[in-house]
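Notes to accompany the following structure.
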Amino acid sequence: MADVTLKPIRRLLVANRGEIARRIMRTAHRMGIDTVAIYADGDVSAPFVREADVAIALNGRTSAQTYLDVGKVLDACKRAGADAVHPGYGFLSENAGFAQAVIDAGLTWVGPSPAAIRGIGDKLAAKQLMQKVGVPTLDAHELVEGADAAAAAQRIGYPVLIKAAGGGGGRGMRIVESPAGLESAIAGARREALSAFGNGTVFLERWLTASRHVEIQVLGDRHGNLVHLFERECSIQRRHQKIIEEAPSPALNPELRERMGQAALAAVRAIDYHSAGTVEFLLAGNEFFFLEVNTRLQVEHPVTEAITGLDLVREQIRIAEGEHLGYAQKDLGITGHAIEARLCAENPAKQFLPTPGRIDVWEPAQGDGARFDSGIESGSEIAIEFDPMIAKVIVHAPTRREAASRLARVLESTRLQGITHNRDFLVSTLRSPEFLAGDTTTDFIARVAPAPVRTHSSDEHVMAAVAAALHTSGLRHAQAKVLRSVQPGWRNSRMPPQRVAYQLPGRDPKARLEVAYRQQRDASVSVQVNGQDHLARVHRFDARSIELEVDGRRSTVQITRSGDRCLLHGPFGDLELRELPRFARADRAQFSGGLQAPMPGRVLSIAAKAGQSVERGQLLLILEAMKMEHRITAPADGLVKAIRVAEGDQVANGAVLVMLEEKKD
């Protein structure tokens with residue numbers, strides 16, 4: 001057993017970034033511990049850097065140049081006078097070599113022992129260990145060089161899952177339905193696993209199409225005490241990555257909860273585990289199968305905190321200092337229901353492609369008792385080098401249905417503008433009859449197909465356009481240097497109405513909202529939107545909002561301007577209007593015949609060449625963005641006229657990649 005001499009932590013370096021760095025610092029400060037941040041070039045202005053007591057630049061942009069560089073992290077510890085390291089999740093959090101290096105440097109490692117990390121870090125070795133201690137597992141087969149992958153897949157039975165042995169988070173994972181796609185999927189999984197974890201080892205595993213992803217949170221101290229903190233369900237996933245998590249699971253009864261909890265304790269007891277950890281299972285009916293042990297804090301840990309009342313980061317720090325847990329399994333219970341949603345910079349309407357960029361407005365909903373764990377603020381950049389998660393939003397309520405409804409409303413009431421994101425998709429998921437009924441298997445997104453975006457009605461467009469026009473008019477009047485006592489729009493003769501036109505981004509360029517308005521003597525405003533008459537009245541106005549009544553419906557609309565863009569938030573949610581110029585501008589000719597990058601990224605490989613005939617769906621090249629691979633395929637049969645990029649090129653969103661001439665029938 002490890003040395004359990006009590007060793008209080010004075011200054012903690014958080015070897016991570018973004019929301020998890022802020023979350024760890026928050027607890028550390030409450031415990032009277034100073035904090036140290038480390039940061040990449042792109043994070044120089046991030047909130048977590050400012051909130052730390054000391055911050056050290058790592059002088060690099062990518063993960064490999066910064067947060068994954070063990071030497072730089074240890075040097076930062078020395079320069080900042082840190083006496084402990086918390087790895088958060090991702091990056092080096094499950095790297096046994098890093099944990100050992102921290103300990104060898106005389107620092108306190110806030111996590112399990114390097115031996116425990118090493119013993120369970122390889123998923124294949126972990127499966128073998130679980131079989132020895134009686135924890136159920138799925139059939140698996142390692143894909144070593146020269147192995148007959150086709151025969152192994154046939155033996156396991158399609159569909160199969162290709163999975164990285166040395167990491168998680170959805171990286172290095174592929175589902176293969178038939179032999180035709182096996183070899184290319186294995187190659188892609190190996191590349192992605194090597195890039196994300198520095199380990200290209202992958203294996204085949206039986207894939208359960210309609211199962212649940214249920215995980216058990218465990219805690220152990222360095223004195224041999226172990227407890228589980230019940231389960232979380234994380235079945236709502238895209239690209240094998242979780243986006244909605246909840247505790248407890250709607251699928252577990254007390255008997256099944258006890259069996260899974262005991263299996264999780266058996267799993268971690270086998271490796272002499274201490275600190276916080278998670279044992280993940282697939283659940284099919286009343287059968288469950290071991291997936292992996294995560295030897296770190298999970299992204300979704302707040303839902304467990306909500307139902308148990310424990311601060312898991314505090315527990316990790318106490319355990320690392322040598323404290324006893326101070327409670328036993330019988331002392332723990334579940335109170336209410338908690339659900340977490342991950343807001344991500346991605347486009348659900350385009351297979352959840354990452355959408356990095358600048359966040360113009362970030363205003364979390366107020367007064368609903370929700371917890372927001374975020375690493376951003378208005379003006380923050382979601383960088384292509386890192387994960388696309390913007391924030392986690394957590395709600396705790398007495399019942400599951402109430403938690404789902406409250407979380408949906410909190411998301412709708414939150415302003416998040418400037419980039420494309422998944423908020424509307426999360427809301428439609430939470431409000432779906434299937435989710436509310438607890439029908440949440442891992443095929444949920446494909447089976448239920450929640451609406452990817454919110455569709456606005458014509459009345460909502462009218463409200464937004466009138467609010468934008470009258471708010472602009474009010475601003476001009478407030479900034480006027482003469483006649484400020486005269487009502488906006490007042491004339492001493494019958495003059496034509498004032499006019500403005502708006503475009504809704506992403507819609508048909510011909511779809512315009514043309515607004516004509518004239519102030520009346522009774523302070524009301526006569527308005528036409530696309531030729532339809534409306535009556536409006538402004539009740540309150542300031543630089544950032546307008547309270548107005550349109551056709552008897554009264555609402556407050558918040559407004560932020562950025563150039564010709566008008567960002568609005570009201571009962572219609574978020575809407576962006578682009579004010580059109582008063583005079584026509586010559587537009588550039590529409591580009592045709594070229595395949596463009598759907599997001600910024602790096603060209604990983606090119607599978608076609610100029611002069612080559614290709615078929616619809618054939619792979620042309622692979623882009624890497626936000627730690628994931630994205631396949632660019634031919635949209636139709638045709639001839640490759642030119643390749644406009646080279647392997648290794650960094651390309652911008654919309655950059656021309658391939659010139660393709662479509663085959664004529």
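Odds and ends about this structure:
- Remark: the chain carries 43 Å² of accessible area per residue (probe radius 1.4 Å; ligands, DNA and RNA excluded).
- Bridging of K132 to lysines at a Cα separation below 21 Å is possible for K123, once same-chain residues fewer than 8 apart are set aside.
- Using alpha carbons only, the radius of gyration of the stretch 23-66 set against its Kirkwood radius gives Rg/Rh = 1.03.
- Take every Cα pair under 8 Å whose residues are at least 6 apart in sequence, average their separation, divide by the length of the stretch 336-382, and the relative contact order is 35 percent.
- Separation of the stretch 515-532 and the stretch 259-326, taken as the distance between their Cα centroids, equals 61 angstrom.
- The share of accessible area on the chain that comes from carbon and sulfur is 48 percent, using a 1.4 angstrom probe.
- When you count the other C-beta atoms within 10 angstrom of each residue and take the mean per peptide, 417-430, 514-527 line up highest first as 417-430, 514-527.
- Alpha-carbon spread of the chain, three principal axes, descending order, Å: 91, 65, 52
- Using a cutoff of 8 angstrom between alpha carbon atoms and counting only pairs six or more residues apart, the relative contact order for the stretch 22-116 works out to 20 percent.
- Exposure of E305 as accessible area (Å², to 10), given a probe of 1.4 Å and all protein chains: 20 Å²
- Set of lysines near K392 by C-alpha distance (under 18 Å), chain-local residues within fewer than 8 positions excluded: K242
- Shape call, the stretch 195-316: gyration tensor on alpha carbons, a/c limit 1.5: rounded
- Set of lysines with alpha-carbon distance to K664 below 30 Å, sequence-local pairs under 8 removed: K350, K510, K609, K641
- Note on the stretch 1-110: Kirkwood radius taken over Cα pairs, Stokes-Einstein applied at 25 °C and 0.890 mPa s, translational D equal to 178 µm² s⁻¹.
- Net charge of neighbours whose Cβ lies under 14 Å from the Cβ of E402, counting Lys and Arg as +1 and Asp and Glu as -1: +3
- Burial order of peptide ranges 155-161, 647-653, 599-605 (average beta-carbon count within 10 Å, highest first): 599-605, 155-161, 647-653
- Value of [θ]222 nm, deg cm²/dmol, for the chain, DSSP H segments ≥ 4, -39500 (n - 2.57) each, nearest 500: -7500 deg cm²/dmol
- Per-pair calculated FRET efficiency, R0 = 35 Å: K350 and A187 via Cβ, rounded to 0.05: 0.90
The values are calculated or read from the model by the stated rules, or taken from the named source; none is laboratory data. Every value quoted in this text rests on a predicted model; they were computed, and no experiment measured them. Ideal geometry is used to build each Cβ from the backbone, glycine not excepted, and the neighbour counts take in all protein chains shown. To get the accessible areas, we keep the full protein, side chains included, count just its heavy atoms, and leave off ligands, DNA and RNA. Shrake-Rupley method; radii C 1.70, N 1.55, O 1.52, S 1.80 Å.
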